[in-house]
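*Asks:* The structure follows.
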Amino acid sequence: MKKILLVDDDKDLLRALGARLRTSGYEVAFATDGVSCISAAVKESPSLILLDVGLPAGDGYKCLEKLQANLQLNHIPVVMLTGREGPAVQERCMREGARGFLQKPVRKEDLLEVIETTLVQSESSCAS
Amino acid sequence: MTSVETLGARNQQACSTRTPWTKRERILLIEDNPDDALFLRRALESVPNLELIRAETLAEGTALLESDPAISLVFSDLGLPDSDGAETADAILHHAADKPVIIMTGSDDLELGEDMILRGAQDYLVKGEFSLAHARRVLRHAIVRKNLEKELFAARRAAEQASLAKGEFLAEVSHEIRTPLNVILGLTEVLMDESWTNTQSEQLQTMKRAGDSLLSLINSVLDLSKIEAGRLDLVQADFDISELLENFIDLVALPGRKKGVSVSLDLVDPIPCVVTGDSNRLLQVLTNLAWNALKFTESGGFVKVEVQPHARDQIRFSVQDSGIGMTEEELLRVFDAYEQGSGGRANGSSSTGLGLPLCQKLVSLMGGDLRVDSQRGEGSEFHFAIPLSPKGQRSWPAPSDGKGEQRSVLVAIRDDQERGAAIRALRHSGWLASAANGPQGIEQALDRSPTNGFQACLLDCFLMDELAESTIDKLRRSVTRVKVAVLPSPRETDLLRCGQLGFEGTIARPLTPSRLQHGLHRTQSSALRDQQAAECADGRLDPSARILVVDDVKDNRSVVEAFLQSTNHRLDFADSGERALEKFRPGAYDIVLLDMRMPGISGLETARRMRLSERDSDHSPARIIALTADAFEENHRESAAAGCDLHLSKPIQRRTLLRALEDASPRPEETVVEVEPEIAALLPSFLKNREKDVRQARQALGSDDFESVETLGHNIKGNGSVYGLPLLSHLGRQLEAAAQSRKSERITSCLNQIADLVKHTMANTTGPTETKP
């Protein structure tokens, strides 16, 4: 079973997304800030990280940067989650190494589709 | 010791014609030295109508000044037994504030004398150096001067009071005019919706236009009188300047197009995205200037708006036109209120002569200086720079093709101004832009195309039909990614044609930097577009509310009725506060539209009593929307304090009313989207947390902590729809936006709606989760 690490400071959102992913057959781990995201990523070695851009202490971008800089972690695909509107955020996320992007409020179909596509893409790129 | 004696009694008859005053003047002499006192008395002996009283100490002198209001002038020595120098002078000047004071100083104290005049003395005499005639002249001048001063002061007071009265009169009259205008404009709008012959509908449009311009004139008068009374306060808030410019250019582009004048917006250098300032006033100034420019520009000309960073944290705005320009004489008077240039150069605001003076005053309130450069026949340029401190930098994604190379875009637009502005805007955001102004230009540009080809192309729809098949083919082949057409308006036929030519997207005129960016970007990610469309649909729910309309004027009630005829709302009417309170029961109405100015029980009082009666009821409170003809901010605050949720200024536009009602309407109850049972199980605790959010937000709002409210709104937006509550997400977004623009009333209304929704959902979902399969 694939494990997904969910990182968001909104615990209600974590719970709901977690429930949703579990029913769709994923295993789920949680982190609520940038620091615990890194340690959880090391401990749980998830197949994918779903990361909120607007984390409080040390924002999502910083966390993404740390993940990318970490040789042990930079193979894990990161999908960014944001409540900010406009294309600028998406472009920045992609430029800084995210593999996927989800706009809040997240629709169920989008969530699963983006996660699945990202997983498939990263597997095929690893294989080749 | 005080001595009183009448001087000049002997020759009073003979000399009376020589005195510049008619009534008897009583003069106080404060002098301890009897010789000096005698000398002065002798000097004044020959002046008729004088009475001299003498004090020997400062204490005695000031006591006399306090007790005897008839004293009209003071002579005083500085060196007295109980005081000396400047101290004496200050004490006397203080006690004789409205009387002329003449100081006598020692012979070595010339500078002190000058100093006394600076402190407020009328004149000074140097002891031992003045003659009798000199003393008489000084006395005479001091009295005359003082009398003139009094007259001047009285005249100025009268003038100021008259001006104040004028201001109040104007404000009152404008207010009174707005009310019937409300009826006229409203009913005209309603009539316009029905079917008429062409002539009739043109006449209606003319009526509406005339009414609108009358309204804008009245608003200008109100604004000007508020500025003159020092009562106009700027509202400082963060706003997105590109959004403002977009709204602005939209307002001006359509009338420009109708007149055949090209209107363009040019961001010469990148400017900050979010700034702090009064966006409404800035918009008002810019539209006034642009309309003014349009008015004096003939078909075929242009109006160009340039925006660029100025000195530190300032932004410079300039509105240029290719119109008739002004003579030097007109230039001098262009900012005078109620003046119009002799050459027919009128001042905006539909040639009322108030637009430009108002702009100038507003700009100076915002910390700038509105200037104009113009020559007869050469067009005009109005420009100003105001401080707008940046809150965030526009960070458009630098377009790259993934290999780190810059992307190239071909900009094929016919109009020079428009093309130039578009190219600059694209270059600021990192594109390599090439220009073409016609079919030939396009061919040439494609031949010289960059090594990796053009990744995008903007094509003017005016050029579309002039392109040869071969050119179109070439275009289709050499532009690798995005092809976007530039359109005046998204007409069906144009869209179809764009599709046939292989264009993936369109951008509506007038072009603005963010429109260009969005247009190019949107075309790339159609997924995002679908999502936006879906989100829009979330917010559009069919409202049906029970509305109580309270207004003492029948016509006003008719306007509201006519506005809402085609909606699902159910209306009830009351013609006074008393009648409204009779009808009002908690839970009986969803919305109350309440006129604030009514005879008998006022609107404010009605609102207060309605809130009181709701206090102990279980029904959710009605939304009270205050309607006033006052545009003053303090009235908004007053009505909010009385319990009103929203405030609308008359005349009400149909759109504004509908939007307000939509915001205030109860939402259909079946908003819960079906979710997985696992999530449904989490719902109760989720809803409890949202209740907490609402409480926290209300607290934060109480201490003006908008940022916390914004964060809460942001979170609600993020988590609502995951729990199957898209409407909650929608409200969260509204809350976030309201907090960003610091609109307390909007925030309160959003919070009320969120609280309602949460309560409702709680009531409806506790059952099913227990009996889940």
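The values are calculated or read from the model by the stated rules, or taken from the named source; none is laboratory data. Nothing here was measured: the structure is a model prediction, and the numbers come from that model. Cβ atoms come from the backbone with ideal geometry, glycine included; neighbour counts cover every protein chain shown. Ligands, DNA and RNA are stripped out before the accessible areas are found, and what is left, the full protein with its side chains, is counted by its heavy atoms. Shrake-Rupley method; radii C 1.70, N 1.55, O 1.52, S 1.80 Å.
*Asks:* Charges only on Cβ, +1 for Lys and Arg, -1 for Asp and Glu: so what's the dipole of region A:1-81 about the Cα centre, in debye to the nearest 20?
*Replies:* Numbers: 9 positive and 10 negative charges, 68 e Å.
Approximately 320 debye in magnitude.
*Asks:* What net charge do the residues around A:Leu13 carry, taking every other residue with its C-beta under 11 Å from that of A:Leu13, with Lys and Arg at +1 and Asp and Glu at -1? Walk me through the intermediate numbers first.
*Replies:* Numbers: positive: A:Lys11, A:Arg15, A:Arg20, A:Lys104, B:Lys717; negative: A:Asp8, A:Asp9, A:Asp10, A:Asp12, A:Asp52.
Once positives and negatives cancel, what remains is 0.
*Asks:* Pop out the ³J(HN,Hα) list for region B:190-207 in order, Karplus 6.51 cos²θ - 1.76 cosθ + 1.60 with θ = phi - 60°, rounded to Hz; leave Gly and Pro as x.
*Replies:* 5, 4, 4, 6, 8, 8, 9, 6, 4, 4, 4, 6, 5, 5, 5, 4, 4, 4
*Asks:* Stretch B:Ser299-B:Val553 to full length: gain in nm at 0.36 nm per residue minus the Cα-Cα span? Don't jump to the answer; show the numbers that get you there.
*Replies:* Details: separation 254, 0.36 × 254 = 91.44 nm, distance 4.48 nm.
Separation in residues times 0.36 nm, less the Cα-Cα distance, equals 87.0 nm.
*Asks:* Set the Förster radius R0 to 41 Å, insert the Cβ-Cβ distance between B:Ala63 and B:Ala162 as r into 1/(1 + (r/R0)^6), and round the FRET efficiency to 0.05. Intermediate values should be presented prior to the final figure.
*Replies:* Values: r = 40 Å, r/R0 = 0.97.
The value I calculate is 0.55.
*Asks:* Let me ask something else about it. If you average the C-alpha positions of region B:353-384 and of region B:178-231 separately, how far apart do those two centres end up, in angstrom?
*Replies:* Their Cα centres are 26 Å away from one another.
*Asks:* Then there is this: Count, for each residue of B:510-517, the Cβ atoms from other chains sitting within 10 Å of its Cβ, then give me the mean as a whole number. Write out the running numbers ahead of the final one.
*Replies:* Numbers: counts 0, 0, 0, 0, 1, 0, 0, 4.
Other-chain Cβ atoms within 10 Å of each residue's Cβ, averaged: 1.
*Asks:* So if we plug the beta-carbon distance of A:Glu96 and B:Lys391 into 1/(1 + (r/R0)^6) with R0 = 22 Å, what FRET efficiency do we get, rounded to 0.05?
*Replies:* Calculated value: 0.45.
*Asks:* Now for a separate question. Under the definition of partner shielding as Cβ atoms of other protein chains within 10 Å of a residue Cβ, what is the mean value for peptide B:720-727? Intermediate results must be reported in sequence, preceding the final value.
*Replies:* Values: counts 5, 6, 15, 6, 2, 1, 2, 0.
Going residue by residue through B:720-727 and averaging, the value is 5.
*Asks:* Label-point separation (nm) for B:Phe169 and A:Arg84, each offset 7 Å from Cα along Cα-to-Cβ?
*Replies:* 5.6 nm
*Asks:* If the limit is 23 Å between Cα atoms, which of B:Lys295/B:Lys650; B:Lys208/B:Lys295; B:Lys23/B:Lys146; A:Lys3/B:Lys688 go over it? Don't skip to the answer; put the middle values down first.
*Replies:* Values: B:Lys295/B:Lys650 28 Å; B:Lys208/B:Lys295 19 Å; B:Lys23/B:Lys146 14 Å; A:Lys3/B:Lys688 29 Å.
Going by Cα-Cα distance, B:Lys295/B:Lys650; A:Lys3/B:Lys688 fall outside the 23 Å limit.
*Asks:* How big is the B-A contact in terms of buried accessible area, both chains counted, 1.4 Å probe, rounded to the nearest 100 Å²? Please report the intermediate quantities before stating the final value.
*Replies:* Details: alone 37540 and 6900 Å², together 41980 Å².
Counting protein atoms only, the buried area is about 2500 Å².
*Asks:* Now a separate question. Between beta-carbons, use under 14 Å as the cut-off and find the net charge around A:Lys66, counting Lys and Arg +1, Asp and Glu -1. Mind dumping the intermediate values first?
*Replies:* Numbers: positive: A:Lys62; negative: A:Asp33, A:Asp59, A:Glu65, A:Glu96.
Once all neighbours under 14 Å are counted, the net charge is -3.
*Asks:* Over region B:59-157, what is the relative contact order in whole percent, taking alpha-carbon pairs under 8 Å and six or more residues apart? Could you put the intermediate results ahead of the total?
*Replies:* Numbers: 108 pairs, mean separation 22.0, N = 99.
Answer for region B:59-157 is 22 percent.
*Asks:* Given a 1.4 Å probe, how much area per residue of region B:677-770 is accessible, in Å²?
*Replies:* Values: 3750 Å² over 94 residues.
With the other protein chains kept in place, region B:677-770 gives 40 Å² per residue.
*Asks:* Based on the mean of other beta carbon atoms within 10 Å per residue, what is the order of B:36-47, B:166-177, most packed first?
*Replies:* Values: B:36-47: 17.5, B:166-177: 15.2.
Per-residue mean Cβ counts within 10 Å order the peptides as B:36-47, B:166-177.
*Asks:* Could you give me the ³J(HN,Hα) list for region A:26-34, computed from phi with Karplus coefficients 6.51, -1.76, 1.60 and θ = phi - 60°, whole Hz, x at Gly and Pro?
*Replies:* 9, 8, 10, 10, 10, 8, 10, 8, x
*Asks:* Let me ask something additional. Hey, got the average number of other protein chain Cβ atoms within 10 angstrom for residues in A:7-14? List each step's numbers first, then the result.
*Replies:* Numbers: counts 0, 3, 2, 7, 4, 16, 7, 2.
Per residue, the number of nearby Cβ atoms from other chains is 5 on average.
*Asks:* Suppose a student asked you for the relative contact order of region B:237-392, using Cα pairs under 8 Å spaced at least 6 residues apart; what percent would you report? Intermediate values should be presented prior to the final figure.
*Replies:* Working: 328 pairs, mean separation 40.2, N = 156.
Reported relative contact order: 26 percent.
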